[in-house]
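These notes concern the structure reproduced below.
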Amino acid sequence: MRLFGTPLGWIMWLIYAVVKNYGLALILFTLVMRAVIFPLSIKQQKSSAKMAVFQPKIAEIQKRHANDKQKQQEEMLKLYETHGYNPMSGCLPMLIQFPILFGIIDVVYYPLTHILHLDGDAITALTDVITANMGTVGQPQLQVISAVQDPERIGWFASIAPDVLQKVMDFDYTLFGLDLGQIPVFGWNWLAVVPILSGITSLLVSVVSMKLTPTANEASGGMKWMMYLMPLMSVWIGFSLPVGVGIYWIVSNLLAGVQSVVLHYMYNPAKYKEEYEAQLEAEAAKRRAEREERRKLRAAAGEAEDGEPKPKKKKKPRPAPAEEDPAAPGRDPHAEYLTAKEINRRRLAEARRRDAEKYGEEYIEVTDDDLR
C-alpha cells in the first residue's frame, strides 16, 4: 500500500498545510480525487449509453446462438469491433478507485510519515516508547498521536526531542471532534455511526445508478445481489479500519451519487441512444449513396456490377447481298479472313489487358495459337 500511499500522501500533506485539519483535508482530498477521475466517469457514462444501443442486438445474438457459445462470442466481438465499442472501458473508473482506497488506508494509518514528514529515526523512537509502555499494538503511529496528545501519557516521551513532540501535539487529527485514528466498535457510540453511514450511502449510490442506467436495470440477478452485498461489506470493513477511512467512503459515495445525476443529464442514455442510432443510419445512407454512385459510374463505363466489362450483344449475321457472291469477280475471301482474325486478336488482347490491370497479373501477348 505504500506504493499508492506515497503520492497520495504528498497531496494530503499539501492540503493539510493549507487547512491545518486532517478531517477537512481528507474531505478536500476526496473532492480532488473525484475531479481527477471525472473524465473517466464521463467515458463510463458514454459507454453505458452506447451499451443501451447494443443490448437488443446482443440479446438477439445470444438467442440465435444459444447452443453455440463460441459462435456467440465471435458474433459479439464482431459487433463490438464494427461499432468501435470496448465493453471493458466502463470498468476503468471503478478499477482506479481501488489503488486510491489502498493509498488512503496507508495515509490514514501512517500520518507521521505522510503528513508530518518525520524522519525514520524519530518515528522509530516514538513507536519504541509506545511498545515499551503498551506492548505490541496494531497501528503504532496512531497510538503515538493519541498518547502524545494525552496529558496523562505525555510523560512517556521525555526522551524525545521537543520539536518532534511539538509537531505531534499540534497535529489536528480530528473531524467534528471524532478521532480519525480510532477504530469503531459495535455499540451505541458516535464512532459506530461512520461505518453504518458508509454502507447506507453506498447502497443509495447503487440504487440511483440502477435507476439512471438502462442497461443496469437489465442486469442479471447476480449483479443485483452485488448491489446489496457491497454496502454490507463496506459496513463490515468499516468496523475494522480507522474512522478516517470510513469518512473517506462516506464523502466519496455522496460525491459519486451527485456525479451520477449530473452525468445523467449531461449524457442522457435515452437521448444518446437516439443520437447514436441516427448517426449509424446516416453512415449507412452515405454508404448506400456511394455504392449507387459507383454503380452509375460503372454503367457509364460499360462495366457490369462486379467490375467486369459488359458482354456485348452478338449481332445477327447480315445476309450477304447478291453482289457479294463469293464467286463474284474481285472478291478476296482470304483477305476478309485475316481482317476478322485481327479483330479477334485485338479483342482478346484488350480483355487480357483489363484482367492484368484488375488483378495485378502479367500481361501476355496474344498468339495465333490463342485464336484457333
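The values are calculated or read from the model by the stated rules, or taken from the named source; none is laboratory data. Since we're looking at a predicted model, the values are computed, not measured. Positions of Cβ are generated from backbone atoms using ideal geometry, with glycine treated the same way; all protein chains shown enter the neighbour counts. The protein model used for the area step is the full one, side chains on, heavy atoms only, and it has no ligands, DNA or RNA in it. Shrake-Rupley method; radii C 1.70, N 1.55, O 1.52, S 1.80 Å.
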SASA check, V261, accessible area w/ 1.4 Å probe, all protein chains in place, rounded to nearest 10 Å², comes out at 60
Two pseudo-spin positions, 7 Å from Cα along C-beta at R288 and at V32, lie apart in nanometres by 5.5
Descending accessible area (1.4 Å probe), largest on the left, turns Y85, Y110 into Y110, Y85
The extension gain from E281 to A158, computed as 0.36 nm times the residue separation minus the Cα-Cα distance, is 36.4 nm
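How large is the dipole of the stretch 138-293 about the Cα centre if only Lys and Arg carry +1 and Asp and Glu carry -1, each at its Cβ, rounded to the nearest 20 debye?
340
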Two pseudo-spin positions, 7 Å from Cα along C-beta at R346 and at D121, lie apart in nanometres by 10.4
Residue span S240 to L297: 0.36 nm per residue of separation minus Cα-Cα distance leaves a gain in nm of 13.0 nm
Once the dipole of the stretch 116-270 is set up from charges on Cβ (+1 Lys and Arg, -1 Asp and Glu), the residue from the list P162, T201, G187 lying farthest towards its positive end is T201
E81 and V258 label points (each 7 Å along its Cα→Cβ direction) are spaced in nm at 4.4
Reported to the nearest 10 Å², V185 has, with a 1.4 Å probe, an accessible area equal to 90
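Between N133 and Q166, what's the calculated FRET efficiency when r is the beta-carbon distance and R0 is 22 Å? Round to 0.05.
0.60
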Residue span I96 to M233: 0.36 nm per residue of separation minus Cα-Cα distance leaves a gain in nm of 47.4 nm
With +1 on the Cβ of every Lys and Arg and -1 on the Cβ of every Asp and Glu, the dipole magnitude of the stretch 45-88 about its Cα centre, in debye rounded to the nearest 20, is 120
Expressed in angstrom and rounded, the centroid-to-centroid distance over alpha carbons for the stretch 1-39 and the stretch 92-150 is 16
